[in-house]
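J.: Quick one: structure below, then a few questions.
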Amino acid sequence: MVTYIISLAILIGINAILAVTLNFILGYAGIFSLAHAIFFGIGAYTAAIAAMKFGADFTVATAAGMVISGVISLALALPALRVRGEYFVAASLGLQMLAVTVFSEWKSVTGGIGGLIGIPPARLFGFDVGDPVLFLGLTLACLAVILLVMRALVRSSFGRNLKAIRDDETAASALGKNVALLKTLAVVVSSSFAAVAGSLFTFYLSFINVESFVLEVSVQIIAMVIIGGTATLLGPVIGAVIVLLLPALLTYLPYLPPTEIGSIQQMIYGLAMVLLMIFRPSGLWGYGSDQQKRGEP
Amino acid sequence: MVFLQLFVNGLQLGAIYALTAVGFSLIFGSTKIFHVAHGSAFAISGYIYWWLASKLAVPWPVATLAAVVAAAVFGLFMERFIYRPIQRHEASFFTVFIAAFGVSLVIQNLIGTVAGRGMETVTTPLSRSIEIMDGLFVAPIAAISIVVAIVVFWALNYFLSRTHIGIAMRALSENPDLVRVFGLDPGRVAQWAFVIGSAVVVPGAIFTAMTAGLNPAIGTHVMLVSLAATIVGGIGSVRGAACGGLLLGLAENLAYWKLDPQWSEAVTFIVLFAFIVFRPSGFFGSPTAAK
Amino acid sequence: MSGEILFQADNISKTFGGLKAVNDVSFALRAGIVTTLVGPNGAGKTTLFNAMTGHLVPDQGSVTFLGKSILGLPHWKVARLGIGRTFQDLKLFSHMTVLENVTTATESGSWLWQTGGGAAKAARTERIERALDATQLQPRRDTRAVDLSYAERKFLSIARIMASGARLWLLDEPASGLDRSSYDRFLTVLRNEVTSGVTICIIEHNLDIVQSISDRIAFLDQGKLLAEGDPKTILSDPALAAIYFGERAQ
């Protein structure tokens, strides 16, 4: 039972990182990405290769993942963000589909559909952190660091610039802000930090394959952000908890056929998204447009 | 000869893509709503046709009519019960997108649960290929889909340029007040846009059911293509969306000449990306539409 | 009262789908002077502003600021050169507080922090506080823009452009709908800015405001610049009055 809870906590931590980093562009900058799972995947594969082929420890593997993720996000963002927001949505969806094919076909690097196995346990400064409790500590530490970095960014001039763009792009331009560049930077930051989650995932499972990085995963991360609320830094964390506890909850309902649980999960996300957008656009934890008084964190 | 075969297949697929893209472009162009649940209209009408024609052996005209009604009702439902309530208080791109996305999620999984996750096809003699030339196999359905697509476009063009409501739809995107001058209510015109935009996908859905087959995820694929075609063709141009769809259908098939089938979606993305980088306004879009 | 020419537009035209929204307009804005753009609705005033700020690219003509051409520059680069602009619908950053709105007006750099170190930061803070003091928004520093009253929102729009340090202000109907005492206060703020070296060009319908603030008036109708000169002459011209009050069939 304890091992189960620790496992679940690690998964929640990893997903919380994904949700928080997605919220950075979705909630704070107003940029829509359907490709967040891909940057998760790039971080995972890079870390795996760094550990297996080069014996890298956790920090080096993660750093490598962050760099590659950042560079690829740049390739996506630079052209697509020059133009209107709808283009980025389309381009990110396309990237999500394309990358899944690449992950499945590039056998020499990603192991193809079979994936990569036998990833060595994580080592940090010479210490083996493969033990579940230690790894949970590592995960939570990473989450905490990322939250602190995000908080600093949101409160900085960069954060204000992003919020200004989200609230009114034209007015932001009229104040001299280079909107395309700012959005691109936001995407690079968001994607690089998503790679950290990928690295944690790789060392946690010791095995990764493309199934963990498909469109449904990108959708699930969006659900976490929407349900938890986009207005705060912690909202997505709460969203991650809710969304990950949902399947466990569903298994307890007697009349649900187990084969349909995945479907029902997705239907619940979908329904939640629709209802929230109609009645409470800022999510369960954010401020509604009619309840005012909460400020930004 | 392989090239010619792929070209013909590409035309057939292109016709289907063109129809769905036109539907999306019509809705987005007139109402400015980024209707990412459009793929669901395709999926719903396709599955209704399959269920009636294949499982219940209902004659095809009835099944077709049912599919059209289903698509139109879906479009109306989205406009009336999802988009309008949202636009009443916070009509940002964000809220509209997420709500539409949520709906498509529900529909996709509902279809999967009710109809199963496998590939479903409607068997019909029309899909049996005839060797019309040495090495060139064409099924009657190919010719039918291209002809139907052309007829639908002609009818749509007539509607948009000759009827009151059609003209109002084109005016709606530029200037909603102009619509009132016509004595029409912008809300009504928006509803028409959704009804027609959704109904237009039905032929494509039926042809897909007869050829490649349906699966619950087809909505997503169709959505990506519609989005890509709209951008490639130029935002605001219905004609452009049709050309974009045709181009993507051709590209997807011609890619088989050199690439494995798994890369077909990759081809869509590559074409889309090329346009975003080199010609963001698309075929027929105005340069400012890309800003 | 003629200072240097800050801004020069020569023969600018802009067509939208067959309609000439701006038709061969030429004029100059001199330093330290308040110019008002008047004309009936749909005369092309806002479109002219858009063409001046790089929001739209004119089909013909040239636009120069401080002697250098700014034609074809994107909106944000034009803003960084010192041309500020407000909008008819204000475009405030509604989910941010008053203080954040004004602060972000001083932060045009894109990196994770602004350049210039401590001295630049102190200068920015000084501009922020001055803007908040001048518009009397200090007590509302921490209120979100969406929660402000109508007049406060109008003043916030001015506080933003003030804090941005722009030399040329293009204001689009900045005082519309304000009550008497608010717009007296408003005019005082504008006059103080002009005294400290800002050049202002206002689009305005309210003839009281036009009379009390303008040093020069430019009259636009259907995209054409019909007249330009001092307020007394323009406002007493009966032909222009007829156009303005719509006595001619539209």
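The values are calculated or read from the model by the stated rules, or taken from the named source; none is laboratory data. Everything quoted here is computed from the prediction, not taken from an experiment. Using ideal geometry, Cβ is built from the backbone for each residue, glycine included, and neighbour counts are taken over all protein chains shown.
J.: Check A:ILE221, A:ILE261, A:ILE227 and return the single one that is in a helix (DSSP H, G or I), crowded, with 24+ Cβ neighbours inside 10 Å, away from chain C (no Cβ under 14 Å) and at pLDDT below 90. First the steps, then the outcome.
T.: Numbers: A:ILE221 fails: at pLDDT below 90; A:ILE261 fails: crowded, with 24+ Cβ neighbours inside 10 Å.
Going through A:ILE221, A:ILE261, A:ILE227 in turn, the sole match is A:ILE227.
J.: Kindly provide the set of residues from the range C:10-25 that are of a type outside the set (A, V, I, L, M) and over 15 Å from C:PHE65 (Cβ atoms), ordered by number. So that I can check it myself, show each step before the final result.
T.: Initial filter on the range C:10-25 (of a type outside the set (A, V, I, L, M)): C:10-11, C:13-18, C:20, C:23-24.
Within the range C:10-25, C:ASN11, C:SER13, C:LYS14, C:THR15, C:PHE16, C:GLY17, C:GLY18, C:LYS20, C:ASN23, C:ASP24 qualify.
J.: Okay, next question. Could you count how many residues in the range B:252-288 are crowded, with 20+ Cβ neighbours inside 10 Å, outside any helix (DSSP H, G or I) and within 10 Å of chain A (Cβ to nearest Cβ)?
T.: Residues in the range B:252-288 being crowded, with 20+ Cβ neighbours inside 10 Å, outside any helix (DSSP H, G or I) and within 10 Å of chain A (Cβ to nearest Cβ): 2 in total.
J.: Okay, moving on. Test C:ALA21 against the stated conditions and say whether it is closer than 30 Å to C:LYS232 by Cα, part of a loop (DSSP other than H, G, I, E, B) and in contact (Cβ under 8 Å) with a residue 12 or more places away in the chain. Spell out the reasoning first.
T.: Details: closer than 30 Å to C:LYS232 by Cα: yes; part of a loop (DSSP other than H, G, I, E, B): no; in contact (Cβ under 8 Å) with a residue 12 or more places away in the chain: yes.
When the stated conditions are applied, C:ALA21 does not pass them.
J.: In the range B:78-127, which residue that is closer than 24 Å to B:ILE48 by Cβ and assigned to a loop (DSSP other than H, G, I, E, B) is farthest from the other protein chains (Cβ to nearest Cβ)? Quick ask: steps written out before the conclusion?
T.: Filtering the range B:78-127 down to residues closer than 24 Å to B:ILE48 by Cβ leaves B:78-83, B:99-127.
Imposing the further condition that a residue be assigned to a loop (DSSP other than H, G, I, E, B) reduces the set to B:116-119, B:121-124.
On the way: B:GLY116: 11, B:ARG117: 9, B:GLY118: 13, B:MET119: 17, B:THR121: 22, B:VAL122: 24, B:THR123: 27, B:THR124: 30 Å.
Within the range B:78-127, the match that is farthest from the other protein chains (Cβ to nearest Cβ) is B:THR124.
J.: Still on this structure, I have one more. Is there a residue in the range A:275-290 that is modelled with pLDDT of 80 or more, within 13 Å of another protein chain (Cβ to nearest Cβ) and at positive phi? Spell out how you get there, then give the answer.
T.: If we filter the range A:275-290 for residues that are modelled with pLDDT of 80 or more, which is where we start, we get A:275-279.
Of the ones still in play, those that are also within 13 Å of another protein chain (Cβ to nearest Cβ) are A:275-279.
If we keep only those that are at positive phi too, we end up with none.
Checked the range A:275-290: no residue is modelled with pLDDT of 80 or more, within 13 Å of another protein chain (Cβ to nearest Cβ) and at positive phi.
J.: Could you list, in sequence order, the residues of the range C:72-101 that are under 23 Å from C:GLY61 (Cβ atoms) and part of a helix (DSSP H, G or I)?
T.: C:HIS75, C:TRP76, C:LYS77, C:VAL78, C:ALA79, C:ARG80, C:LEU81
J.: Which residues, counting only those in the range C:172-208, are among the β-branched types (Val, Ile, Thr), in a helix (DSSP H, G or I) and under 28 Å from C:LEU240 (Cβ atoms)?
T.: Residues of the range C:172-208 that are among the β-branched types (Val, Ile, Thr), as a first pass: C:188-189, C:194-195, C:198-200, C:202-203.
Those still in the list that are in a helix (DSSP H, G or I) too: C:188-189, C:194-195.
Correct list: C:VAL194 only.
J.: Would you check if there is a residue in the range A:130-137 being of a type outside the set (Lys, Arg), assigned to a helix (DSSP H, G or I), under 11 Å from A:TYR28 (Cα atoms) and touching a residue at least 60 places away in the same chain (Cβ under 8 Å)?
T.: As a first pass, look at the range A:130-137 and keep what is of a type outside the set (Lys, Arg): A:130-137.
Next cut, assigned to a helix (DSSP H, G or I) only: A:132-137.
Those left that are additionally under 11 Å from A:TYR28 (Cα atoms): none.
So far as the range A:130-137 goes, no, none of its residues is of a type outside the set (Lys, Arg), assigned to a helix (DSSP H, G or I), under 11 Å from A:TYR28 (Cα atoms) and touching a residue at least 60 places away in the same chain (Cβ under 8 Å).
J.: I would also like to ask the following. Filtering the range A:63-81 down to residues that are more than 7 Å from every other protein chain (Cβ to nearest Cβ) and not aliphatic (A, V, I, L, M), which residue is nearest to A:THR184 (Cα to Cα)? Before you say what the answer is, go through the steps one by one.
T.: To start, the set of residues in the range A:63-81 that are more than 7 Å from every other protein chain (Cβ to nearest Cβ) comprises A:63-78, A:81.
Still in the running and not aliphatic (A, V, I, L, M): A:65, A:69-70, A:73.
Details: A:GLY65: 18, A:SER69: 13, A:GLY70: 10, A:SER73: 8 Å.
It comes out as A:SER73.
J.: Go through the range B:1-33 and report how many residues are of a type in the set (A, V, I, L, M) and modelled with pLDDT under 85.
T.: Here is the first cut: in the range B:1-33, the residues of a type in the set (A, V, I, L, M) are B:1-2, B:4, B:6, B:8, B:11, B:13, B:15-16, B:18-19, B:21-22, B:26-27, B:33.
Next, only the ones that are modelled with pLDDT under 85 stay: B:1-2, B:4.
Looking only at that region, the number is 3.
J.: Can I ask one more? Which of the residues belonging to the range A:123-145 are within 20 Å of A:SER206 (Cβ to Cβ) and β-branched (Val, Ile, Thr)?
T.: Selection gives A:VAL129, A:VAL133, A:THR139.
J.: Would you confirm whether any residue within the range A:159-179 is more than 30 Å from C:THR115 (Cβ to Cβ) and of a type outside the set (Gly, Ala, Ser)? If you could, list the steps in order and put the result at the bottom.
T.: Step one: list which residues in the range A:159-179 are more than 30 Å from C:THR115 (Cβ to Cβ), which gives none.
Looking for residues that are more than 30 Å from C:THR115 (Cβ to Cβ) and of a type outside the set (Gly, Ala, Ser), one finds none in the range A:159-179, hence no.
J.: Assuming A:SER199 fulfils every condition listed in (1) in contact with a Ser or Thr (Cβ under 7 Å, 6 or more places away or on another chain); (2) under 24 Å from A:ALA80 (Cα atoms); (3) small (Gly, Ala, Ser); (4) away from chain C (no Cβ under 14 Å) apart from one, which condition is it?
T.: (2)
J.: Moving on to the next point. Being closer than 24 Å to C:LEU99 by Cβ, touching a Lys or Arg at 6+ places or on another chain (Cβ under 9 Å) and without any contact (Cβ under 8 Å) to a residue 60 or more places away in the chain is the filter here; which residues of the range C:163-197 pass it?
T.: Residues satisfying the conditions are C:ALA175, C:LEU178, C:SER182, C:PHE186.
J.: Which residue, of A:PHE207, A:PHE193, A:PHE203, A:PHE213, is closer than 28 Å to A:THR101 by Cβ and touching a strand residue (DSSP E or B) at 6+ places or on another chain (Cβ under 8 Å)?
T.: A:PHE207
J.: Just to be sure, is C:VAL63 surrounded by 24 or more Cβ atoms within 10 Å (Cβ to Cβ) and more than 8 Å from chain A (Cβ to nearest Cβ)? Don't jump to the end; show me each part of the working.
T.: Details: surrounded by 24 or more Cβ atoms within 10 Å (Cβ to Cβ): no; more than 8 Å from chain A (Cβ to nearest Cβ): yes.
No: the conditions fail for C:VAL63.
J.: Of the residues in the range A:100-137, how many are touching a strand residue (DSSP E or B) at 6+ places or on another chain (Cβ under 9 Å), within 14 Å of chain B (Cβ to nearest Cβ) and loosely packed, with under 14 Cβ neighbours inside 10 Å?
T.: Of the residues in that region, 0 qualify.
J.: Okay, moving on. I need the full set of residues from the range A:202-217 which are in a helix (DSSP H, G or I) and surrounded by fewer than 23 Cβ atoms within 10 Å (Cβ to Cβ), in order please.
T.: So in the range A:202-217, the residues in a helix (DSSP H, G or I) come out as A:202-205, A:210-213, A:215-217.
Passing the criteria: A:LEU205, A:VAL210, A:GLU211, A:SER212, A:LEU215, A:GLU216, A:VAL217.
J.: Taking the range A:93-117 on its own, how many of its residues are more than 13 Å from B:GLN262 (Cβ to Cβ) and part of a helix (DSSP H, G or I)? Full working, then the answer.
T.: As a first pass, look at the range A:93-117 and keep what is more than 13 Å from B:GLN262 (Cβ to Cβ): A:93-96, A:108-111, A:114-117.
Among the residues that remain, those that are also part of a helix (DSSP H, G or I) are: A:93-96, A:108-110, A:114.
Within the range A:93-117, residues that are more than 13 Å from B:GLN262 (Cβ to Cβ) and part of a helix (DSSP H, G or I) number 8.
J.: Assess whether B:GLY135 counts as being within 14 Å of chain A (Cβ to nearest Cβ), in contact (Cβ under 8 Å) with a residue 60 or more places away in the chain and surrounded by fewer than 19 Cβ atoms within 10 Å (Cβ to Cβ). Give the steps one after another, and end with the answer.
T.: Values: within 14 Å of chain A (Cβ to nearest Cβ): no; in contact (Cβ under 8 Å) with a residue 60 or more places away in the chain: yes; surrounded by fewer than 19 Cβ atoms within 10 Å (Cβ to Cβ): yes.
Against the criterion (within 14 Å of chain A (Cβ to nearest Cβ), in contact (Cβ under 8 Å) with a residue 60 or more places away in the chain and surrounded by fewer than 19 Cβ atoms within 10 Å (Cβ to Cβ)), B:GLY135 does not qualify.
J.: A:ALA144 fails exactly one of the following numbered conditions: (1) under 16 Å from the mean Cα position of the chain (by Cα); (2) buried (at least 23 other Cβ atoms within 10 Å of the Cβ). What is the number of that condition?
T.: With (1) under 16 Å from the mean Cα position of the chain (by Cα); (2) buried (at least 23 other Cβ atoms within 10 Å of the Cβ) applied to A:ALA144, the lone miss is (2).
J.: If you scan the range C:97-121, which residues turn out to be surrounded by 22 or more Cβ atoms within 10 Å (Cβ to Cβ) and more than 10 Å from chain A (Cβ to nearest Cβ)?
T.: Scanning the range C:97-121 gives C:VAL98, C:VAL102.
J.: If you go through the range B:50-98 one residue at a time, how many are within 18 Å of the chain's Cα centre (by Cα) and polar (S, T, N, Q)?
T.: So the answer is 1.
J.: What number of residues within the range C:130-171 satisfy the criterion of being under 20 Å from A:LYS163 (Cβ atoms) and assigned to a strand (DSSP E or B)?
T.: Result for the range C:130-171: 1.
J.: Go through (1) of a type in the set (Lys, Arg); (2) over 23 Å from C:THR97 (Cβ atoms); (3) within 23 Å of the chain's Cα centre (by Cα) one by one and return the number of the condition A:ARG123 breaks.
T.: Condition (3) is where A:ARG123 drops out.
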